[in-house]
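Asks: Take a look at this one; I'll ask things after.
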Amino acid sequence: MTVLRAVMVLSGTLFPLLGQFNSSTPTGQATPEPLNLSLDDAIARGLKTNLGLLTRDNSSTSARVDKMRLLTALLPTVTASVSTTEQQTDLASFGFTGIKNFPIPAVIGPFHYQDARASTNFTVYDGRAWKAWRSGAESLHAAELSAKDARDLVVQAVASAYLQIIATAARVDATRAQVDTAQALFKRAHDQHVAGTSPAIDELRSQVELKTQQQLLLSLQNQVAKDKLSLARAIGLPSGQVFEISDKAPYKPLDGMTPADALQKAYAARADYQSAQAQVKAAELARQAASNDWLPRGSVSAYYADQGTTFDNSHGAFAVTGAVTMDIFDGGKRRADVLAASTTLKQRKEDLANLQGQIDQEVRAALLDLNSAADQVAVAQDNAALADQTLTQARDRFAAGVTDNIEVVQAQDSVANAQQNLISAIYAHNLAKVALARAIGATEANLKTFMGGK
């Protein structure tokens, strides 16, 4: 079962990476009739309900909010107010007692006045706020690209789960055929034993082989049901919804793509790579913003008011103030901010370099898996044909009484193993196509091309 072990290794490295995209928010109500689900339908449902994508979308919204807040430092603020004041003041409490021949009343008022005004504050120039806003814009762009990358990961997770069902269902069909074969061989061994032409041990061997295949069939049928639960969980199907998959994934060779071509496509199309580049640019702008904190800041504030004892007896009042401010000494705050921003920039550049190496690894690994699986399919197809011939000859020899059924049971095991290896090789090949589609970006479009339009 070498091929099956290889598939298990490939699946084991893939599915943990997609763990956060194997969840969803179920929607709708289960229907009594089974749902006919194609791969395209499953992907479309996943793109609407998958929790990993919804989480990335929420992060994009948070980045948009942060950008809006940074913009407020550059835009003018306008406020308006209307007030009525009734006031009386005790001057004696402030020490005003008057002097000889110039008495001052101890109490002024009561008097009243009304005021209606509009005021504004406007930043003419703030180097740090401007750079900070541009950094926020790049962070938003990075978040939007990250959400786009999440769509690729959803497609990868859903397609992998769908292919898993196809492969397990194929194993069920192959094992069911083995059960039928084992049943026929057991009947023949039983009849020959009853007729006295073969010993009881031949009947027992055939019965053991039949029970073994029946046990494997039950296990695989249970696995298909569990695989369907995993797919339903990833695409948000309502609880208890029964469905059947309608697409198949036959073997279709994929040739003509070199690592250099694939890498060129990946660096141009991978949304996570573009997001990492945007994060580097955002970090650069954030560092420039921190460095610009010492620059003078220009601002204008103004108000216009209508004041008087009443609005019918009022006068206009206004004031316009322009100011230029700058920090003379900030206790090392700017230096600390620059150091923190520089550290973040260094980390973003390291993350980008790491992602570039990761993409290189993913592309090359997917191509290696694809080529290896194609070779394994060819070998498995030849081996399955040879195993079928061996079983036919063993059954003929046993029917002719030339040999006992040990040879038949061994040949039957060889057929079963050959069929399982062929299914595993085809599954590994299709799984490698999914991995390659993800590795070079634009997963949904490339997957349709790789899978022959399915």
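The values are calculated or read from the model by the stated rules, or taken from the named source; none is laboratory data. Here the structure is a predicted model, which means the values were calculated and not measured. We place every Cβ from the backbone using ideal geometry, glycine too, and count neighbours over all the protein chains shown. Only protein heavy atoms, including side chains, enter the accessible area calculation; ligands, DNA and RNA are left aside. Shrake-Rupley method; radii C 1.70, N 1.55, O 1.52, S 1.80 Å.
Asks: Using the structure shown, decide if LEU218 is under 24 Å from TYR162 (Cα atoms), without any contact (Cβ under 8 Å) to a residue 24 or more places away in the chain and of a type outside the set (Val, Ile, Thr).
Replies: Here the answer is yes, as LEU218 does meet what is asked.
Asks: Also, quick follow-up: So which residues in the stretch 437-449 are open to solvent by less than 40 Å² (accessible area, probe 1.4 Å), of a type in the set (A, V, I, L, M, F, W, C), out of contact with any Leu (no Cβ under 6 Å at 6 or more places or on another chain) and assigned to a helix (DSSP H, G or I), if there are any at all?
Replies: ALA439, LEU447 - these are the residues of the stretch 437-449 that are open to solvent by less than 40 Å² (accessible area, probe 1.4 Å), of a type in the set (A, V, I, L, M, F, W, C), out of contact with any Leu (no Cβ under 6 Å at 6 or more places or on another chain) and assigned to a helix (DSSP H, G or I).
Asks: Can you tell me which condition LEU386 does not meet? The list is (1) touching a residue at least 12 places away in the same chain (Cβ under 8 Å); (2) in a helix (DSSP H, G or I); (3) buried (at least 18 other Cβ atoms within 10 Å of the Cβ), and all the others hold.
Replies: (3)
Asks: From the list SER93, SER83, SER60, exactly one residue is surrounded by fewer than 12 Cβ atoms within 10 Å (Cβ to Cβ) and part of a helix (DSSP H, G or I). Which is it?
Replies: SER93
Asks: Okay, next question. Identify all residues within the stretch 185-200 that are without any contact (Cβ under 8 Å) to a residue 12 or more places away in the chain and over 17 Å from THR212 (Cα atoms); write none if there are none.
Replies: Scanning the stretch 185-200 gives ASP191, GLN192, HIS193, VAL194, ALA195, GLY196, ALA200.
Asks: Hey, GLY127 hits all of (1) open to solvent by less than 30 Å² (accessible area, probe 1.4 Å); (2) modelled with pLDDT of 90 or more but one; which does it fall short on?
Replies: Against the list (1) open to solvent by less than 30 Å² (accessible area, probe 1.4 Å); (2) modelled with pLDDT of 90 or more, GLY127 comes up short only on (2).
Asks: One residue is enough: does the stretch 402-413 have a residue meeting the conditions touching a His at 6+ places or on another chain (Cβ under 7 Å) and either open to solvent by 30 Å² or more (accessible area, probe 1.4 Å) or within 20 Å of ALA366 (Cβ to Cβ) (or both)?
Replies: The answer is no, given that none of the residues of the stretch 402-413 is touching a His at 6+ places or on another chain (Cβ under 7 Å) and either open to solvent by 30 Å² or more (accessible area, probe 1.4 Å) or within 20 Å of ALA366 (Cβ to Cβ) (or both).
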